[in-house]
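Beneath this line is the structure, given in C-alpha cells, with notes to follow.
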Amino acid sequence: MWWRIGRQWLAILALALITLPAALSMPVARAAVPPPRDDPFYAAPADLASHPNGAVLGSRTITLLGLPIPVAAWQLRYRTTDSEEHPQLNVTTVLVPPVPWTGPRPVLSYQIPENSLDSRCAPSSTLRGGSATDMASTMQDAPFIADALRRGWAVVVSDYEGPQSRLFDGVTSGRGVLDGIRAARSFPPVGIDASSPIGTWGYSSGAFATLWATQLRREYAPDVRIVGTSAGGVPTDIPTMAQRADGAVGGLLILLGLARNEPDSQLADLLNDQGRRALLATDTSACSADLAQKYPDIHIEDFAAVPDLLAQPAFRNAATPNELGGTAPDTPLYLYHSVSDEKIPVAGYTALVDTYCAQGATLTAIHSPFPTHIGAAAGEAFGGMKFLADRFAGTPPAPGCVVQ
C-alpha cells in the first residue's frame, strides 16, 4: 500500500516540477510573498542574544514554490552567530515527504547556491516563489531536492548567508548551515532527532557553505554528526575566480561582497564613485539578475579608483580569511569538479584536494570530464547522491584519499 502511495506522490511531484516555470511566471502568486526585508517573520527578536545557537525562535508552514506539491514544508527562524561573533537570525526551510521510513529518517542539509547580496534571492524566499529576478538557482536545484525527497529523506535548506546575504563569508555560511540543522532537529513536527543521520550537499557557492560547515563542525557544533558530504564546483582561489569572472556579474558580486563583508580590509576605499553607489545599493538591488540587467557589460576596473584592483593587497586581505582548506573536515567527503570549468578554474580545486588529503581527510575526489560548470553539476549528481545514500545505509566509505 505504501508503495502505491509513493508512486502517486511521485507522479504529483513530477507534474509540479514540469509546470514550475509557468507557475513562477504568475504575478499574482509572487505578489503574495513579500521580500524578507518587508516580512516580520525575518525580524530578529530583542532577546536574540539570550538564545543558544540553533534555537528555534518561530515557525510557519509554507507552500513549496507556491505549488500544490504534497510535501510537508515549514520555515523556522533560528539563532546563529556570524563571523564577527554577533548573534544573527537566520531562516531555514524544512521539507519532509509523505514517504514512510523505518527508523530514524535521514536528513539532507542542501545548500542552494545563493549568488546574491540581496535577501530577496535567499533560498527561503525563492522556495516560496517570492523572487522573480533570480530563480535560476532554485530551478536548477529543484530536481536534486526532488530526488532526495523521493528517497524519503528530510531536506533542510538554510539561508546560510544570513540576513545580510554575506556572499563568500566562510564562517558565517558554515555556522548558518550547522545551526540550521540544529534548528530542524529540535523542531518536533519534522520528526527527526539526534539519532537521524545527517548528510550535507552543495554545488558552487552552495559547496562553499557546505565545506565551511564541515571544517567548522568539530569546533563549533560537535553535536551535529555529519555522516557524509557531497560537494561540487567548489569555489577556491577567490582572486582567480574574480579575475575569471571579470566582464560578467560574478566578478562584481565577489568584489562588492568582500568589500561589504570585510571592512577592515579597506577594500571599499579602493572603489570609485560608481563602485561606492553599487556597494550602497547591495541590500536592495543586488541579486545577480539585478546586477546583470543594470550593468550589462561589467568590468571591475569600471568600479575601481586604482588600477589592477584584484592585485591590490586590500583585495587579497579580504579574500584570504574566506578561502577553504584551513582545517581538514572529519566528515567523509565526495568532491567533484569539471576539468573544463569556465567559472572556477580546476587548479584551485586540485590544490584544495591535495590540502585536505595532506591533512588526513577521508575523501573521494572526481576530476569530471563533463564540460562546463553547469555540465558537471548535472553529470556528477548521481555519484554525489549515491555517496550520501551509502553513508545513510551505514556503508563505510573508501578509506584515505581516492583521487580520480
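Rule-based calculations on the coordinates, nothing more; no lab input. Bear in mind the structure is a predicted one, so any value in this text is a computation, not a measurement. Cβ placement follows ideal geometry from the backbone for every residue including glycine, while neighbour counts extend to all protein chains displayed.
Here are some notes:
- The chain: Rg to Rh, with Rh as the Kirkwood radius over Cα pairs: 0.95
- Ranked by the mean number of other Cβ atoms within 10 Å per residue, highest first, peptides 273-282, 252-261, 100-109 order as 252-261, 100-109, 273-282.
- Proximal charge balance of ASP193 [Cβ under 13 Å; K/R count +1, D/E count -1]: +3
- In terms of the mean number of neighbouring beta-carbon atoms within 10 Å, the peptides 112-122, 214-224, 33-43 order highest first as 112-122, 214-224, 33-43.
- Value in Å of the Kirkwood radius, where the stretch 238-321 supplies the Cα pairs that are averaged: 12.4
- Put in line by how crowded their Cβ is, counting other Cβ atoms within 10 Å and starting with the fewest, SER205, SER173, SER83 read SER83, SER205, SER173.
- Cα-based shape type of the stretch 316-398, given that a ≥ b ≥ c are square roots of the gyration tensor eigenvalues and the cut on a/c is 1.5: oblate
- Structure-based [θ]222 nm, the chain - -39500 (n - 2.57) summed over DSSP H runs of at least 4, per residue, nearest 500: -11500 deg cm²/dmol
- Gyration tensor (alpha-carbon) shape descriptor, the stretch 87-234, a/c threshold 1.5: oblate
- Taking the charge dipole of the stretch 125-271 about its Cα centre, with +1 at Lys and Arg Cβ atoms and -1 at Asp and Glu Cβ atoms, the residue from SER186, ALA259, VAL171 reaching farthest to the positive side is SER186.
- Among the DSSP helices (H) of the chain, those spanning at least 15 angstrom by Cα along their long axis with an average Kyte-Doolittle hydropathy of -0.5 or more are 2-18, 136-150, 170-185, 205-220, 249-261, 346-358, 381-392; this is a geometric and hydropathy rule only.
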